[in-house]
Amino acid sequence: DRIIYKSRQKGDIFVLKYGSCTSIKTSDHRPVYGYFQVRLRPGRDNIPLCAGQFYRDIYKEGIKRRFLREQKRRAFWNQRNSMVCSVS
C-alpha cells in the first residue's frame, strides 16, 4: 500500500513518481511503485569489514580469479572456429 523511506537530512530523497498497480487484484493490498531522486554522499572508509578483519591478499586473489574467468569466457565466445569435432 505504501513505500516508507528515510534519510538523515531533509531533502536527500525526492519522490518523482508514486503509484499503484490497480489491475493486480490478488489481495486487498495493491502493489505500489515509486521513482525517487536520491542524493548520495560519500561514506566513511574507516568502517571495518568482515567483523573487523579484512584480508587484502584474499580479496586481491578473488579479483584476479574473477578477471581470469571472464577472460576465458570471452575467449570462448570470440573463437572463429567451431569446437564441434567430426569423426571420419
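Numbers below:
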| read-out | value |
| --- | --- |
| Members of the stretch 1-25 that are among the hydrophobic types (A, V, I, L, M, F, W, C) and either outside any loop (DSSP other than H, G, I, E, B) or out of contact with any Lys or Arg (no Cβ under 7 Å at 6 or more places or on another chain) (or both) | ILE3, ILE4, ILE13, PHE14, VAL15, LEU16 |
| The stretch 1-16: number of residues that are closer than 10 Å to GLN37 by Cβ and surrounded by fewer than 10 Cβ atoms within 10 Å (Cβ to Cβ) | 1 |
| Every residue from the stretch 19-53 that is within 19 Å of the chain's Cα centre (by Cα), open to solvent by less than 100 Å² (accessible area, probe 1.4 Å) and modelled with pLDDT of 85 or more | TYR33, GLY34, PHE36, VAL38 |
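The values are calculated or read from the model by the stated rules, or taken from the named source; none is laboratory data. None of the values given here were measured: they were computed from a predicted structure. Here the Cβ is made from the backbone with ideal geometry for all residues, glycine too, and neighbour counts use every protein chain on show. Protein only, heavy atoms only, side chains kept; ligands, DNA and RNA dropped before computing areas. Shrake-Rupley method; radii C 1.70, N 1.55, O 1.52, S 1.80 Å.
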